[in-house]
Amino acid sequence: MDHPRISSSRNGLNVRALRLLDLTLPSPAENLALDEALLEELDEQGGDPVLRFWESDRPFVVLGRASSLNDDVHLAACEQDGVPVLRRASGGGTVLQGPGCLSYAFVLPLDLHPHLANIRSTYQFILERIAGALHRWEPAIAFRGISDLAIGERKISGNAQRRVHHALLFHGTILHGMSAQVVARYLKQPGRQPDYRRGRPHSAFLRTIEAQAEDIKRAMADAWSVRSKRDGWPVARTEERTLDVIQRSAEAS
């Protein structure tokens, strides 16, 4: 089957077109699970790559696959405020997601482009394109550290990957309305930090981009020349992966 392709004369890239899935499910666990279900589906069955957007209506903490609950989370504050603590299947650090934090996921076959061959080049390939899409609001946005986007020295986006046999999940967040003070209530100062952070607290390191979520989504979709929506989503797989998310999150506590 022939797949439509997109190209960019600016950077010479030429990749298969993605389909858009703009879908937020009711619970934090379901939203994490859908990313995993899309990855599993593409890995096993093939098909078109996907760009998904979602934004939770409530705050929740997400541990990376190897993150430490005790080291990263103000657990008493989470318990007091009823903020769930979950664990995702991908690597990377602990994050707070919720209102004002746009989440996105690229679910891609590994043969989509040569730059997806390894972890580092994948971060650069995807994040530099996202940065280009956001330059209309903040010309100083750039790929920083291992997996961040920052405006100057202040981070607006963190990202993580999960790689399986034939496919890749690349997911991250963009802060457009969540304050650093909210993050600081639930997350401790991380032990592992990118060099450019230089030990700064959340309040001096994080910031938001002055753009609306819908505008950010359109700009990112345009950057990847997304022209069509995905019909449906893997409901049964998502239900199964939701149970996995809940189980490993219970083990984390």
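The values are calculated or read from the model by the stated rules, or taken from the named source; none is laboratory data. Predicted model, so just to flag it, every value in this text is computed and none were measured. Please note: Cβ atoms are built from the backbone with ideal geometry, for glycine as well, and neighbour counts cover all protein chains shown.
Of the set (1) in contact with a Lys or Arg (Cβ under 9 Å, 6 or more places away or on another chain); (2) buried (at least 17 other Cβ atoms within 10 Å of the Cβ); (3) in contact (Cβ under 8 Å) with a residue 60 or more places away in the chain, all apply to Gly91 but (2).
Taking the stated definitions as given, is Thr208 in a loop (DSSP other than H, G, I, E, B), among the hydroxyl-bearing types (Ser, Thr, Tyr), modelled with pLDDT of 95 or more and surrounded by 15 or more Cβ atoms within 10 Å (Cβ to Cβ)?
Against the criterion (in a loop (DSSP other than H, G, I, E, B), among the hydroxyl-bearing types (Ser, Thr, Tyr), modelled with pLDDT of 95 or more and surrounded by 15 or more Cβ atoms within 10 Å (Cβ to Cβ)), Thr208 qualifies.
Of the strands (runs of 3 or more DSSP E) lying entirely inside segment 5-123, those carrying at least 1 residues that are under 25 Å from Ala184 (Cα atoms), in contact with a strand residue (DSSP E or B) (Cβ under 8 Å, 6 or more places away or on another chain) and among the basic types (Lys, Arg) are 85-87. For Tyr196, the criteria (1) more than 17 Å from Asp148 (Cα to Cα); (2) in contact (Cβ under 8 Å) with a residue 24 or more places away in the chain; (3) not β-branched (Val, Ile, Thr) hold in every case but one, which is (1).
So that you can scan it fast, the table gives a plain yes or no per residue for (1) surrounded by fewer than 20 Cβ atoms within 10 Å (Cβ to Cβ); (2) without any contact (Cβ under 8 Å) to a residue 12 or more places away in the chain; (3) more than 21 Å from Arg230 (Cβ to Cβ); (4) of a type in the set (Lys, Arg):
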residue	(1), (2), (3), (4)
Leu86	no, no, yes, no
Gly98	no, no, yes, no
Phe106	no, no, no, no
His113	yes, no, no, no
Thr122	no, no, yes, no
Ile130	no, no, no, no
Ala133	yes, no, no, no
Gly145	yes, no, yes, no
Asn159	no, no, yes, no
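Can you spot a residue in segment 63-83 that is buried (at least 21 other Cβ atoms within 10 Å of the Cβ), under 24 Å from Leu168 (Cα atoms), out of contact with any Asp or Glu (no Cβ under 6 Å at 6 or more places or on another chain) and at pLDDT 95 or above? Taking every residue of segment 63-83 in turn, at least one turns out to be buried (at least 21 other Cβ atoms within 10 Å of the Cβ), under 24 Å from Leu168 (Cα atoms), out of contact with any Asp or Glu (no Cβ under 6 Å at 6 or more places or on another chain) and at pLDDT 95 or above.
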